[in-house]
1. Residues to consider are 165, 155, 207, 229; find the one that is assigned to a loop (DSSP other than H, G, I, E, B), at pLDDT 80 or above and in contact with a strand residue (DSSP E or B) (Cβ under 7 Å, 6 or more places away or on another chain).
2. Out of the residues in the stretch 519-537 that are part of a strand (DSSP E or B) and surrounded by 16 or more Cβ atoms within 10 Å (Cβ to Cβ), which is modelled with the highest pLDDT?
3. Of all residues being in contact with a strand residue (DSSP E or B) (Cβ under 6 Å, 6 or more places away or on another chain) and in a loop (DSSP other than H, G, I, E, B) in the stretch 178-204, which is surrounded by the fewest Cβ atoms within 10 Å (Cβ to Cβ)? Just the residue, please.
4. Working only within the stretch 123-152, note down all residues that are assigned to a loop (DSSP other than H, G, I, E, B), under 25 Å from residue 67 (Cβ atoms) and either touching a strand residue (DSSP E or B) at 6+ places or on another chain (Cβ under 7 Å) or modelled with pLDDT under 75 (or both).
5. Considering only residues that are part of a strand (DSSP E or B) and over 28 Å from residue 351 (Cβ atoms), look in the stretch 292-317 and name the one that is modelled with the lowest pLDDT.
6. With 570, 556 as the choices, which residue is in contact (Cβ under 8 Å) with a residue 40 or more places away in the chain and at negative phi?
7. Does residue 511 satisfy being closer than 30 Å to residue 447 by Cα and not in a strand (DSSP E or B)?
8. What are the pairs, 6+ residues apart or on separate chains, where a residue within the stretch 268-291 that is assigned to a loop (DSSP other than H, G, I, E, B) has its Cβ under 9 Å from a residue that is at pLDDT 90 or above?
């Protein structure tokens, strides 16, 4: 799987996201830097894009990384993982890759920091069996009928089982996943719901994105088959197998595609099947992928891909075809030297080329319009703990009826102190839409422009208190808006009691630009909110944790709406 086009933007964003537990809903953490309504990519709205990001983090949690063989970029794909600690782990584990004693080489503070991210890493556990479960229920709520959700995860040795269920007034759905390994890990089996993710994603996968500065970028290391009980992104319901033999690796998948729609799961009637075979030679990897049944018409799709990894250079290429017609091409390059990082991606994908689970430009391209574009991202450390980042993205899509082009530019400047962070960001985008029927240039043309400027201040106060303040100004065409979103979180009674509170104040002028903001939420729940008109929203979240058992409650107050109340009980040991 190749996500090299993405790891540089991921490092840019995730290195400053704060506590990793927030994305999975921890009450003791602060939200990552909001990206707002200015980052809609082509036809994909913020909601769909953020769901993909949230699902990516959930899948990473369900399929943790082994730090003993991980690269710096892989470790930095974990939200908020410290770069200095990632370098130390790679240095120590590189010398002792096949022994767990490398952990003993870390200092006590480093080990303590490392275990903050135990949900995303394969680390020695105090108990031979890891059990995690939670039950979430809505009480008084503005949502019709409320909601109940259950989650259970159990792992022991090379085996893992996941279960998740959601029930609302309109319907209910459940997702299951089971995996196990044999022959010292040379074989691995998967059943239930999972997400294949091969190469750059043209034939099968969701790895390729042209969305700059997105946290969907980082999961570029091979996972091939990722277990998923998520409700947010597509998956396969069926069975899969993987095998390793020295420098050869392969996988086979058979099942039906599964999506969550209108509060229940839907399965396609058509069986899809296929697989991938890859050969690694030194720093290079070469692969073949093919699938059938995943394209509606039953036509097979296949691709060839290659990737080269070295200490500073990471590049990849994939060429895919469905037989007749123009092939799809995706290529990417990233380079890291001293205090500078850069990444470049190019793609040209004809209509219907990408598979059902491909997330090119944030959406599935099964039978959809063709895409093309390029993106470049650069990051440089200009002084001690001061980093600047810039990105330019251009994308074009046509479907025979109209043509749409989008240009995006973004810049950030970030300054870190020991217990504080300040980040200033600016973004600009321009959309051009033109009707090409009955002949090119004959129809009308329309333009949309969006500008955003934001300031993030993050302060870690003594005593486990954190304060984060986000200020953003938005402008779309003649419309403008202003967002103020402070979040306060605390850790009391030796960490057993963890209250958090947030306020979102949004004001619009001459129109209603769409903006998204983050708020503290219960573990596993979706943390993003959308707003398009004047709004004031207050959230209070309290968690009490003792011996692996946590009880949490959340109440949200909003003008002219019924209060929202949710309760959660969780256990993790």
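1. Of the residues listed, the single one that is assigned to a loop (DSSP other than H, G, I, E, B), at pLDDT 80 or above and in contact with a strand residue (DSSP E or B) (Cβ under 7 Å, 6 or more places away or on another chain) is 229.
2. 537
3. 186
4. Residues of the stretch 123-152 that are assigned to a loop (DSSP other than H, G, I, E, B), as a first pass: 123-128, 139-146.
Applying the additional criterion that residues be under 25 Å from residue 67 (Cβ atoms) yields 123-128.
124, 125, 126, 127, 128, listed by residue number.
5. Once the filter is applied, the top-ranked residue is 309.
6. On the way: 556 fails: in contact (Cβ under 8 Å) with a residue 40 or more places away in the chain.
Matching residue, one of 570, 556: 570.
7. Against the criterion (closer than 30 Å to residue 447 by Cα and not in a strand (DSSP E or B)), residue 511 qualifies.
8. 271/238; 271/254; 271/255
The values are calculated or read from the model by the stated rules, or taken from the named source; none is laboratory data. Predicted, not measured: the structure shown is a model, and the values here were computed from it. Methodologically, a virtual Cβ is constructed for each residue, glycine included, from the backbone with ideal geometry; neighbour enumeration extends over all protein chains shown.
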